[in-house]
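Below is one structure; the comments refer to it alone.
Rule-based calculations on the coordinates, nothing more; no lab input. All figures in this text were calculated on a predicted structure; none of them were measured in a lab. Note that each Cβ is placed from the backbone with ideal geometry, even for glycine, and that neighbours are counted across all protein chains shown.
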Amino acid sequence: MFEIVRILYKELHYQIVKRNPIVANDEKKFKQQLKTALSVKRNIGFQSLAFLAFGAFSAVSLALSSNKYVMASLLVSLALIPFIFSLYVTAVQSSYVLSVGLFEPLKTLPIRVGALYLSELLFLDLIPAMAIVLPSVAVLAVKFPVSAFLVLLWMLMGVLAGHTIGLVILTFFGLRISVGKSRGHSIKSFLKIVALFLFMSLFYALYYIQEYLVENSEKVAAIIGRYSLAYPFTVASVFEPIKSFLLLAGYAAFLAPIYYFTLKKVWERVLEPQLISERAKSAKFKASAGGKVFTLLLKDLRIIFRKTAMLTGFLVPLYIVMPQLFIVIKEGKFSVTHAMALFFAVGLFTTAGADAVLKVEGKVLDFLRTLPLDKNAYAVGKALSMSVVPSAITLLVFAVAYYFNGSEALYLLPYTFLLPLTASLTTMFYFFHYEGNEIGVPEVTFAHIILLFILVGMLFAIIGIPPLLIATPLGYFVSYAIAAVLLGLLLFSMRR
């Protein structure tokens, strides 16, 4: 069984390398990249090391604490990471894997549940998520070995839960073929997006940042006790081994049949996608206005919002905003400074959507290459597509800030568009600065995202300093001017 998964893994990464214009036209680079990309152990090993280093930071707070309430609170917040990562990878990567036709050869084979291979293939990409929690588990093992083992089991349960929910989203929203377009279809797409937002709200309504957890450990402990049956609050039970084992058994008994039946449903939908046909009135052909870039933007948005599974990948900034907004609503105050910090955080995490926006096309990439479409227009179109969802999220933050601060918050309005656009254009400039004019799908690695975080963070520092040093409103206007100049320079550089 693993041999088939290994072949699928190699074929997937071969397709990724082949679609990467940076290496596809250079035979030497292409062969060198293939040696690295087709090695399962090397890929997982390097990614795990990067995540392991990142996880060491979260283990420091655990190492410095001896209070079980504080440790439980920190573990609860840590348990969200594997869950979110698993949900994100499953929703985005599964859509991409199926869109490139990776499972087409398996359809003709006498396989009962071929989606099991899809699940195992995705689990290979989920292994690095566990590396994030290993330092914390190691630190806890020194003080409480049994509790550390239970934490490890709960983190694995979080990965399974996120993976299962991602497969459910794929089953009901990602494996449909719609024929025709109508107002009803648009309403359904909108309702699916609202449902996804409500789903995120459910998991983040009671999530607090680590500093708050440490300072208010007793208060949080009371909350955890109240919701002790809901993941991730169940992780706090690791200091009560018998109770924790029983909860684990209950979660396993609940998730296992859902996972199994979802896999069967996924394979059925892969073999015979659900066809949705709606009546639509015929209309005369009209050429769309706006040129290539606007057309590319509309194309990406239609694909993203139709594929709810893929939309999950664009909501990474929402994971940052949602818990903060719930804290704001609970406390009844939201300063302009706090709102501005959230704006910059959303803008910074816009870079995380690069992987998803570059994988929108799937097989359509070969068709796009036959069109009179240059690399620069393609990159700008991708940047605009990438900035739409973060801009909508910052507009939500702005609305809350305006409710609490009135006209004082109006100075933040330009940032709702300037910051996501700056991050998106910087990201696309980074990926498409190669020689030549051929469009493609550059490879997006964890190292690339970290480097982009640093680059975008430096630009944001330049934009954000004037309001802190210069009195209002002049400081904001200087900041707007700097952001506009940076955007102009990025656009000019991409057109060269």
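A compact table of results
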quantity	calculated
Stretchable slack from Lys107 to Glu272, in nm (0.36 nm times residue separation minus alpha-carbon distance)	58.4 nm
Protection-proxy order for peptides 335-345, 425-435, each taking the mean of Cβ atoms within 10 Å per residue, highest first	425-435, 335-345
Cα→Cβ-extended label distance, 7 Å offset, between His433 and Ala138, nm	3.5 nm
Summed side-chain charge close to Glu11 - residues other than Glu11 whose Cβ falls under 12 Å, Lys, Arg +1, Asp, Glu -1	+2
Listed residue pairs exceeding 18 Å between alpha carbons, taken from Lys18/Lys107; Lys299/Lys375; Lys299/Lys359; Lys18/Lys292; Lys10/Lys31; Lys10/Lys41	Lys18/Lys107; Lys18/Lys292
Full-stretch length increase - Ala252, Phe172 - with 0.36 nm per residue and alpha-carbon distance subtracted	26.5 nm
Calculated FRET value between Ile329 and Ala392, using beta carbons and R₀ = 25 Å, to 0.05	0.85
Å³ per residue enclosed by the Cα convex hull of segment 405-496	110 Å³
Order by protection proxy (mean Cβ within 10 Å, highest first), peptides 238-247, 154-163	154-163, 238-247
In nm, spacing of pseudo-spin labels at Leu64 and Ala481 (7 Å Cα→C-beta vector)	4.1 nm
Per-pair calculated FRET efficiency, R0 = 51 Å: Leu371 and Val40 via Cβ, rounded to 0.05	0.90
Simple spin-label estimate for Thr472 and Phe123 in nanometres, 7 Å along Cα-Cβ	5.4 nm
Among 352-358, 487-493, 453-459, the order from most to least packed when residues are scored by Cβ within 10 Å on average	352-358, 453-459, 487-493
Whole-number D in µm² s⁻¹ for segment 292-494, Kirkwood Cα-pair radius fed into Stokes-Einstein, 20 °C, 1.002 mPa s	122 µm²/s
Extension gain (nm, one decimal) between Leu298 and Leu156, 0.36 nm per residue minus Cα-Cα	47.2 nm
